Amino acid sequence: DIALDTFPYNGTTTPCEGSGLGWILFRGNGYGVNIVNDAVVGTAKSQLLGWLDFGGLSGFPITNSTYCGSTGNCNAHFEGDELYGWARLRANSGNNSDWDGWIALRGPNFGVEKVFTANGEFALEGYAWGSSGRGPGWIQFPVNALPPEPPENPNPDPKNPQPPVCNG
């Protein structure tokens, strides 16, 4: 098992950021997300929206290989250094909100991957997408905990989102 210890950031104040999920903690007192045989399993905590589940999910909104990888498994997992599959915000699953809680970890023009740091450990880098209505939009995974220049979300098609670009 390898415990993830990274902090995705989606910004909070400018039009180029949006409120999103805030910080996501992958390890804390009584919860955590781990990698077990390339599967990503466990629970993370969103600063603004609550518990985010990885693994053991079903009913995925899109199940093709672009989102789920070559294995056909749509639960979050690594294929090499690339993260495929879905996570789901627990508070939104099964309710009547405008967002179903699904977060795509890879898609046609975006994705999250494992990058190795100078000390030999790894971090996650890239973008995930959480929207089918009024979701948080882009979720950025930086290599370090400080957010880089924030992306903007120009109302992309949720089934074919484009990589974020900030023109500011």
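Checked against (1) within 20 Å of Glu125 (Cα to Cα); (2) open to solvent by 60 Å² or more (accessible area, probe 1.4 Å); (3) modelled with pLDDT under 95, Glu82 passes all but condition (3).
Cβ-Cβ contacts under 9 Å between residues 6 or more apart (or on different chains), taken from a first residue in the stretch 58-69 that is free of Cβ contacts under 8 Å to residues at least 40 places away in the same chain to a second residue that is small (Gly, Ala, Ser) and open to solvent by less than 30 Å² (accessible area, probe 1.4 Å), are listed as Cys68/Gly85; Gly69/Gly85.
The values are calculated or read from the model by the stated rules, or taken from the named source; none is laboratory data. Given the structure is predicted, the values throughout are model-derived calculations rather than measurements. Positions of Cβ are generated from backbone atoms using ideal geometry, with glycine treated the same way; all protein chains shown enter the neighbour counts. Please note that ligands, DNA and RNA were not included when accessible areas were found on the heavy atoms of the full protein model with its side chains. Shrake-Rupley method; radii C 1.70, N 1.55, O 1.52, S 1.80 Å.
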